[in-house]
Amino acid sequence: MAPEVQALLGDMAETLYDAGGVGLAAPQIFRSLRLFIYHIPASRAGGDAVPLSAVANPVITPLDDEKELGWEGCLSIPGLRAAVPRWTRIRLTGLNEHGEPVDQALSGFAARVVQHETDHLDGIMYPMRMSDFRYFGFNEELERFPIPLPEVL
Ligand code: NI
């Protein structure tokens with residue numbers, strides 16, 4: 001990757017860690033590039049834990065028909081969260097921070113984060129993916145009055 005992209009990735013990582021998030025896409029910091037970073041701590045994995053990773057030109061392919069509903073927030077929409085349907089298992093291809101090919105299968109929360117970040121590259125925010133607006137609210141309220149999610153979409 002070009003030095004300016006390396007510098008951008010460093011800035012993005014700092015922003016992500018400062019905000020305590022799990023993913024950040026370049027358009028969120030006003031850079032029009034098909035690039036995101038993400039990391040999945042073991043505590044939030046519920047599937048695959050992933051170290052801090054960069055993906056350029058990501059392409060997502062669902063591995064089967066299964067979708068699941070799960071909670072998401074976004075650093076660009078502070079204070080809110082919603083339950084969003086996403087593919088449960090995906091194949092992710094693209095390039096990593098060294099310009100090398102990425103080709104991996106992801107499931108659960110990791111698959112969710114990658115779908116959320118890839119959507120940012122197309123100007124799609126998570127509320128645009130929602131199927132049921134009953135599952136949308138302020139973090140503080142949802143912590144006081146948790147809403148159980150249905151098992152089946
Ligand atoms: Ni986001």
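The values are calculated or read from the model by the stated rules, or taken from the named source; none is laboratory data. All values reported here derive from a predicted model rather than from experimental measurement. Here Cβ is always computed from backbone atoms with ideal geometry, including for glycine, and neighbour counts include all displayed protein chains. Note: accessible area is taken over every heavy atom of the protein model, side chains too, but ligands, DNA and RNA are not part of it. Shrake-Rupley method; radii C 1.70, N 1.55, O 1.52, S 1.80 Å.
How large a share of the accessible area of the range 3-144, in percent, is made up of carbon and sulfur atoms when the probe is 1.4 Å and the other protein chains stay in place?
About 52 percent, which is the carbon plus sulfur part of the accessible surface.
State, as an integer percentage, the relative contact order of the chain based on alpha-carbon contacts under 8 Å between residues 6 or more apart.
23
Can you show me the helix-derived [θ] at 222 nm for the chain, built from DSSP H runs with n ≥ 4 at -39,500 (n - 2.57) apiece and divided by the number of residues, rounded to the nearest 500.
Calculated mean residue ellipticity at 222 nm is -7500 deg cm²/dmol.
Viscosity 1.002 mPa s, temperature 20 °C: Stokes-Einstein D of the chain from its Kirkwood Cα radius, in µm² per second?
D, rounded to a whole number, is 135 µm²/s.
Test of understanding: in a Gaussian network model of the chain with alpha carbons linked when under 10 Å, which of A110, A25, A49 would top the mean-square fluctuation ranking?
Result for the chain, Cα springs under 10 Å: A49 fluctuates most.
With springs only between Cα atoms under 10 Å, which of E100, E141, E72 fluctuates most in a Gaussian network model of the chain?
Its mean-square fluctuation being the largest, the pick is E141.
What percent does the relative contact order of the range 18-95 come to when contacts are Cα pairs within less than 8 Å and at least six residues apart?
Value for the range 18-95: 25 percent.
If you place +1 on the Cβ of every Lys and Arg, -1 on the Cβ of every Asp and Glu, and leave all else neutral, what size is the dipole of the chain about its Cα centre, to the nearest 20 Debye?
Dipole of the chain, to the nearest 20 debye: 220 debye.
Mind pulling the angle between the C-alpha long axis of helix 108-120 and the longest principal axis of the chain? Nearest 10 degrees, somewhere in 0 to 90.
It works out to around 70 degrees.
In a Gaussian network model over the chain where Cα atoms closer than 10 Å are linked, find which of T93, T61, T118 has the largest mean-square fluctuation.
Judging by the Gaussian network model, the answer is T61.
Expressed as an acute angle from 0 to 90° and rounded to the nearest 10, what is the orientation of the C-alpha long axis of helix 3-19 relative to the principal long axis of the chain?
On a 0 to 90 degree scale, this one is about 30.
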